[in-house]
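Scroll down for the structure; my scribbles are underneath it.
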Amino acid sequence: AASFNPELSKEYGFNLGEEARYREKDVLLGPGVNIYRTPMNGRNFEYLGEDPYLASQLVVPYIKGVQKNGVAACVKHFALNNQEHWRDKINVEVSDRVLHEIYLPAFKAAVQKGNVWSLMGAYNKFRGQHTTHHKILNKILKTDWGFDGVVISDWGSAHNTKEAALYGLDMEMGTGTDGLGTGTDNHYNY
């Protein structure tokens, strides 16, 4: 994103998609569009910066470049995943205005302008509910924005089977492989 160059973003995405196709991959886990909120976030290197407008402008050509190769881009991490430390325990509280003006514009652009084929959930909670199976998946992502792709969990980020089924998670990754997701809040094995 530091290049401020949409053409370079498209070329970068195309090259990643071409390499993924060569390696017989169907999904590329990127781009990451979470907003930089702290320099200590260990994932900042893969995100498109701290400006929602810039990230929105550069995510679209990146996605189109990747998907031109027949490889699904998977925009991540939806939503509010802005720190690495305690990312699976933090509960983010922001107003609807801040959510829509700061944290969601790049995701919205990815869906509505980039026609991204897949999206990855996040580890954190938003208003007390894990974002990988949060009501905003159906309400904002699928209903308001018309996303018809696949919502994928990050590895071990799904914690509640009932919420996953009700709120829009389509594919769970990493169940039972890393010790996460084995708490007491309505867990069932698929």
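Given K68/K89; K68/K162; K64/K89; K113/K162; K25/K142, which pairs have Cα atoms separated by over 29 Å?
Too far apart for the 29 Å limit: K68/K89; K68/K162; K64/K89; K113/K162.
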*Among 154-165, 21-32, 71-82, how do they line up from the highest to the lowest mean number of other beta-carbon atoms within 10 Å?*
71-82, 154-165, 21-32
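Which net charge results for the neighbourhood of P61, defined as the other residues with beta-carbon distances under 11 angstrom from its beta-carbon, given Lys and Arg at +1 and Asp and Glu at -1?
+2
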*asked:* Can you compute log10 of I(q)/I(0) for the range 57-149 with the Debye formula, treating each Cα as one identical point scatterer, at q = 0.11, 0.17, 0.18, 0.22 Å⁻¹?
replied: -0.31, -0.72, -0.80, -1.12
*5 angstrom amide H check on A72, placed H, neighbours 5+ away*: V27, L28
*When the Cα centres of the range 118-160 and the range 92-106 are compared, how far apart do they sit, in Å?*
15 Å
*Sequence-distant residues sharing a close amide H with F78 (under 5 Å, placed H)*: M120, G121, A122
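Can you give me the relative contact order of the chain as a percent, contacts being Cα pairs under 8 Å and 6 or more apart?
19 percent
For a test of the definition: using alpha carbon positions, the gyration tensor, and the 1.5 limit on a/c, classify the range 119-159 as rounded, prolate or oblate.
Note, shape of the range 119-159 comes out oblate.
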*Spin-label pair E24/Y36, simplified geometry with 7 Å Cα→Cβ offset, distance in nm*: 3.9 nm
*Using a 1.4 Å probe on the protein chains only, how many percent of the accessible area of the range 40-132 belongs to carbon and sulfur?*
53 percent
*For the chain, report the accessible area per residue in Å² (1.4 Å probe, heavy atoms, rounded to an integer).*
52 Å²
*By how many nm would the segment from A165 to E101 lengthen if fully extended, with 0.36 nm per residue of separation less the alpha-carbon distance?*
20.2 nm
*Taking the Cα centre of the chain as origin and charging only Cβ (+1 Lys, Arg; -1 Asp, Glu), how large is the dipole, in debye to the nearest 20?*
260 debye
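The values are calculated or read from the model by the stated rules, or taken from the named source; none is laboratory data. Only a predicted model underlies this, so the values are computations on that prediction, with no experimental measurement involved. Every residue, glycine among them, receives a Cβ derived from its backbone with ideal geometry; neighbour counts consider all protein chains shown. For the accessible areas, the whole protein counts, side chains as well, though only heavy atoms, and no ligand, DNA or RNA atoms are used. Shrake-Rupley method; radii C 1.70, N 1.55, O 1.52, S 1.80 Å.
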